[in-house]
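Below is one structure, written out as structure tokens, with a few remarks after it.
No lab work stands behind these numbers, since they all come straight from the coordinates. Quick caveat: nothing in here was measured; it's all calculated off a predicted structure. Methodologically, a virtual Cβ is constructed for each residue, glycine included, from the backbone with ideal geometry; neighbour enumeration extends over all protein chains shown.
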Amino acid sequence: MFVSRKSKSLRASVPSLTVDNRKYTHNLISRQHFNQIVDKYLLLRSKSGTKMQHFTLVWYFQGSPLDQNKKRKKRENPGDTEESLVAKWLYKLSCGGAERFSISMVLQEGKPNNFPCSVLISNSVKDLTFCSNNWL
């Protein structure tokens, strides 16, 4: 993901992407930086108009730094959780014409699964694989 600025169009045209945060589960700063990189990349991709053919997401919400910050700062905005950030990514990709999704999520115990229904009803989605430790 770290490519020169001159190759933005090349980055945006890659037909598939795998996002896996397992490497960043225990380091707050690295995890937040990784989230920002993914968010910026998907924004760049949506602006380019190139549709994603295959998106793979492996995401561990255990020890989510955004949720830890929320507890410390006593915020009640549901839009500032890591779950809502990932849901936003999936929503944007499904609206942007992504065809295949492979999603694996490990949620924090006791947290609901906020899987965006837009992925399920999107006309562009041809293949969806979903695995979670908490379906309901």
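Give the peptides 120-133, 81-94 in descending order of average Cβ contacts within 10 Å, highest first.
81-94, 120-133
Separation between the residue 95 and residue 43 pseudo-spin-labels, each 7 Å from Cα along Cα→Cβ, expressed in nm?
1.5 nm
In what sequence, highest mean first, do 15-21, 103-109 appear when ranked by Cβ atoms within 10 angstrom?
The most tightly packed comes first, giving 103-109, 15-21.
If I take R0 = 22 Å and measure r between the Cβ atoms of residue 20 and residue 117 in this structure, what FRET efficiency does the formula 1/(1 + (r/R0)^6) give, to the nearest 0.05?
In this case the efficiency is close to 0.40.
Quick one: which of 47/88; 51/92; 23/92; 47/92; 47/126; 23/47 span more than 21 angstrom between C-alpha atoms?
23/92; 47/126; 23/47
Summing Lys, Arg as +1 and Asp, Glu as -1, what charge do residues with Cβ under 15 Å from the Cβ of residue 100 carry, residue 100 excluded?
0
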